[in-house]
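Written below as structure tokens is the structure these notes are about.
The values are calculated or read from the model by the stated rules, or taken from the named source; none is laboratory data. Remember, predicted model here, so these are calculated numbers, not experimental data. Cβ placement follows ideal geometry from the backbone for every residue including glycine, while neighbour counts extend to all protein chains displayed.
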Protein chains: 2
Amino acid sequence: MATIRDVAKKAGVAPITVSRVINNSGYFSDATRASVEAAIAELGYVPNRLARGLRQKRTHTLALVLTDITNPFFTTVARGVEDIANEAGYTVTFCNSDESLEKEQKYLDLLVQLQVDGILLVPTAGTPENIRFLQKNDTPVVILDRHVADAQADIVRCDSEAGAYQLVQLLLELGHRRIAMLGGPEGISTAADRLAGYRRAMAEAGLAPASTLVQSGSFTQLSGYQMAKKVLSATPQPTAFLAANNFIAIGAVKALQESGLSVPDDIALVGFDDLPPTLMMFPFLTVAAQPACEMAQQATKLLLSRLAGEGPAQYQEIILPTELILRQSSGQPIPLSR
Amino acid sequence: MATIRDVAKKAGVAPITVSRVINNSGYFSDATRASVEAAIAELGYVPNRLARGLRQKRTHTLALVLTDITNPFFTTVARGVEDIANEAGYTVTFCNSDESLEKEQKYLDLLVQLQVDGILLVPTAGTPENIRFLQKNDTPVVILDRHVADAQADIVRCDSEAGAYQLVQLLLELGHRRIAMLGGPEGISTAADRLAGYRRAMAEAGLAPASTLVQSGSFTQLSGYQMAKKVLSATPQPTAFLAANNFIAIGAVKALQESGLSVPDDIALVGFDDLPPTLMMFPFLTVAAQPACEMAQQATKLLLSRLAGEGPAQYQEIILPTELILRQSSGQPIPLSR
DNA sequence: CTGTTAGCGCGTTCAG
DNA sequence: CTGAACGCGCTAACAG
């Protein structure tokens, strides 16, 4: 555990000179560089980032707080963030809030303690107070994937409302009228937006879905399974399902299989968020895919520009479009029904 | 950005007293605690971990370096590590080496700079020098998932050789003789072990597979696709495939579909590493599943015990068994062939 | 181009 | 039970 002083002694210079060579800052001769580098190599010296961070009040570290790292959508987000951050010389710390406000608060507190330079946050339900906490501690934050009302922060997210609207439009064009919504958690903007898009498309078609057709749950496979079961046990039975995310869709497929119903012959199914090709043995699901990587990259660039003191004074909200990917699960046009 | 001194001033005590209250160390009266806590709340004081780490020479941080965070197997590993680490009051930093020795080196260097207390490492091919680097810098390491020859470190991994052996045995019992191996990268112990298990089972059955049946590639979907294509274009054609991991299996399914071959009717397929239920619309693949979470947890416990100065002086190698999960892809017994 | 001084925020050490 | 002094390893500010 050699220190900068050990290196300085061995190279016959002052510690600050070593610091300059390491950081390529200020002036020094080639001869100085050579002797310092030789000493560093000989001692196997590794700089201490804690000390550096303490002194500089900057750690060159960002954090990404998200709600479910097991979801490939967020794995992709993580990659997008890391790519841009690394290019700019930043390290990224990843944290999993598990959709729990308490865990989120715990992590944000930790990240402030760790003196991260900035945070990318996928907020759980209703987090304005968590965001205020960051602001009180001078930690810039960019909100990712979800809208937060009155957030004093930049937001980068996708247009869930339009995505859901398109999916329902597709189903309507195929002849479906009884379309069930397997929704996400109330209080989470993406879930609310997808529900709103569903309702708008239905209303424009002059349809008022029975209340049993509109479910809300959590973004998990189990919840998708349970919501699908509930819908199937009620009357009227739907002819199509809209799943609010990929895990919900998978749970719905399970429930339909169990009930002896086939997709799309008996029930059409469309979902939100694609699964990556690496994971798809049988690409099958018609979805509104969100550009996870682009969203993450834009958010990271925005955060970095904030750290550099650039960008417009006003907070921005950037909204990216979703992409409709047609596969088998949405099925063929069905005969007129009602 | 209040400091411990600001708190001390407001509470009318010395900074060290504040430190004691925060860390619950040493003695202080209830009255002192109350006034300090009041001051902390009022100022919104958050301790600075850089300063604390610099002083204590411990950061209560572990790191997990793995090779592919997009693979659900490693996502599960990450969860296992985090669970145990958090319970013990440690934070975990995750790093992705992408199976690149250079990236691994870069991350290990960074982690030493960050003064992490210990590292869990899924090593890329041939990393004894990277491990020596950690030892030179007094950073305890536990190797995860893969064997490293002569590593001066504990190792926790699964029994890939036996897992592959079982899978091939299964195929042999079903009547297959021409079994192709879609292998992983040469130089990675899990890939080598799976190949060895394959060869042992084949040899015990008195079979010497044609060299075209034994492929090696990388642990990716693309590589699985390419290896499957190559095998299919050679003579003799196999009746069964063993894929060395989940991504390779998915690539093989794609190649088989393209060639108009159905699994398992035309070709049986077995693989390594399960996909989690959350991601499986159609559970289908017969696999040797590794206990990713248990492995990760054991490794983390071992690392923590090393940090506490406990455990046997000798380095340990813990090897966990795999579990054979039977599904459709391995198919029914086939008529005698050759 | 190089060095001296000082201090980032905290906790160890030792003294009350 | 409480506090003063000191230093962890590094670099900003200011000399020279």
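Out of everything in region A:112-136 that is free of Cβ contacts under 8 Å to residues at least 12 places away in the same chain and not polar (S, T, N, Q), what residue ends up being surrounded by the fewest Cβ atoms within 10 Å (Cβ to Cβ)?
The initial filter retains those residues of region A:112-136 that are free of Cβ contacts under 8 Å to residues at least 12 places away in the same chain, namely A:113, A:129, A:136.
If we keep only those that are not polar (S, T, N, Q) as well, we get A:129, A:136.
On the way: A:129: 9, A:136: 12.
Selected residue: A:129.
Of all residues in region B:202-234, count the ones that are among the β-branched types (Val, Ile, Thr) and buried (at least 21 other Cβ atoms within 10 Å of the Cβ).
Residues in region B:202-234 being among the β-branched types (Val, Ile, Thr) and buried (at least 21 other Cβ atoms within 10 Å of the Cβ): 2 in total.
Filter region A:109-128 for residues that are farther than 25 Å from residue A:56 by Cα and either within 14 Å of another protein chain (Cβ to nearest Cβ) or of a type in the set (Gly, Ala, Ser) (or both) and give the result.
Of everything in region A:109-128, those that are farther than 25 Å from residue A:56 by Cα and either within 14 Å of another protein chain (Cβ to nearest Cβ) or of a type in the set (Gly, Ala, Ser) (or both) turn out to be A:125, A:126.
Within the group B:109, B:30, which residue is modelled with pLDDT of 95 or more and surrounded by fewer than 17 Cβ atoms within 10 Å (Cβ to Cβ)?
B:109
With respect to the numbered conditions (1) closer than 20 Å to residue A:271 by Cα; (2) crowded, with 22+ Cβ neighbours inside 10 Å, which one is the sole condition not fulfilled by residue A:177?
(2)
Being away from every other protein chain (no Cβ under 14 Å), in a loop (DSSP other than H, G, I, E, B) and in contact (Cβ under 8 Å) with a residue 12 or more places away in the chain is the filter; apply it to region A:5-44 and report the residue that is farthest from DNA strand D (Cβ to nearest atom).
Applying the filter and picking the extreme gives A:12.
Whether any residue in region B:95-104 is more than 18 Å from the chain's Cα centre (by Cα) and buried (at least 20 other Cβ atoms within 10 Å of the Cβ) is what I want to check.
no
Would you mind stating whether residue B:77 is buried (at least 16 other Cβ atoms within 10 Å of the Cβ) and within 12 Å of DNA strand D (Cβ to nearest atom)?
Judged against the criteria, residue B:77 is not a match.
Evaluate region B:48-64: report whether one residue or more is more than 9 Å from chain A (Cβ to nearest Cβ), among the β-branched types (Val, Ile, Thr) and under 21 Å from the mean Cα position of the chain (by Cα).
no
The rows are residues; the columns are (1) more than 9 Å from DNA strand C (Cβ to nearest atom); (2) more than 20 Å from residue B:64 (Cα to Cα).
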{"position": "A:1", "(1), (2)": "yes, yes"}
{"position": "A:11", "(1), (2)": "no, yes"}
{"position": "A:18", "(1), (2)": "no, yes"}
{"position": "A:32", "(1), (2)": "no, yes"}
{"position": "A:40", "(1), (2)": "yes, yes"}
{"position": "A:57", "(1), (2)": "no, yes"}
{"position": "A:78", "(1), (2)": "yes, no"}
{"position": "A:86", "(1), (2)": "yes, no"}
{"position": "A:97", "(1), (2)": "yes, no"}
